[in-house]
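Beneath this line is the structure, given in structure tokens, with notes to follow.
Bear in mind that the values in this text are calculations on the coordinates, not laboratory data. What you are looking at is a predicted structure, and each value in this text was computed from that prediction instead of being measured. As a convention, Cβ positions derive from the backbone with ideal geometry for all residues, glycine included, and neighbour counts pool all protein chains shown.
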Amino acid sequence: MKWQKSPDALVQAFDHCLPIVDGVQRRAMFGYPCAFFNGHLFCGLHQDSVIVLLPDARRDALVAEGASVFEPMPGRPMHAYVVAPPEIVADRQRLRALLGDALAHASSLAPKVKKPSAAKKKAVPAKPKARVTKKAAVKKARGRKEAPAKKAPAKKAPAKKKAPRKPSRGKRRAR
């Protein structure tokens, strides 16, 4: 299943209605324009749809108006997001209000903590091992019990010769 590119008119409407506020980042997700605030995706496009993150009460009211739960792949719903109804998408004033509601909800959420990238994880040097002082080494050695002496591994006995197989009484298979 290939996803379709969002229509240019929808991308322009999205850009026009997107709230211009400090902290709002417009970037692509899955190749579609989206907007993030404090690390939370609060609105975006997916194919020919506008998706928004709303509080439960507002989301339920919008679903009652004709919106649907966002499902990027069949059987994989993202319950927190809804697909805006076409009537709202067509009216830029209503779309701007809906995106504003989504931003307000995203700003009420705690900021997401950035996870370090794989490249940064590799770049971080390992912690140096603590130096052991002579006193600590002696103290540690006194507290240890003597380890028992290791035994040499036992030699294996020579393998026994196998007895010849007895012929079976059943039918013989042709090879």
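A few points about this structure:
- For the peptides 49-60, 105-116, 34-45, the ranking by mean Cβ contacts within 10 Å, running from highest to lowest, is 34-45, 49-60, 105-116.
- The residues neighbouring L95, those whose beta-carbon lies less than 13 Å from its own, together hold a net charge of -1 under the Lys/Arg +1, Asp/Glu -1 convention.
- A dipole drawn for the range 1-61 from +1 and -1 charges on Cβ atoms has a positive end, and of L10, M29, P55 the residue lying farthest that way is M29.
- Near H40, the amide H atoms lying under 5 Å from its own belong to K112; only residues 5 or more places off or on other chains count, and H is placed 1.01 Å from N.
- Cα gyration tensor category, rounded, prolate or oblate, for the range 8-108 with a/c compared to 1.5: rounded
- For a straight C-alpha distance cut-off of 20 angstrom, the aspartates and glutamates reachable from K2 (same-chain residues fewer than eight places away being disregarded) are D48, E71.
- Around F14: net Lys/Arg minus Asp/Glu count, Cβ-Cβ under 11 Å: +1
- Prolate/oblate/rounded label for the range 1-49 (Cα gyration tensor, a/c 1.5): oblate
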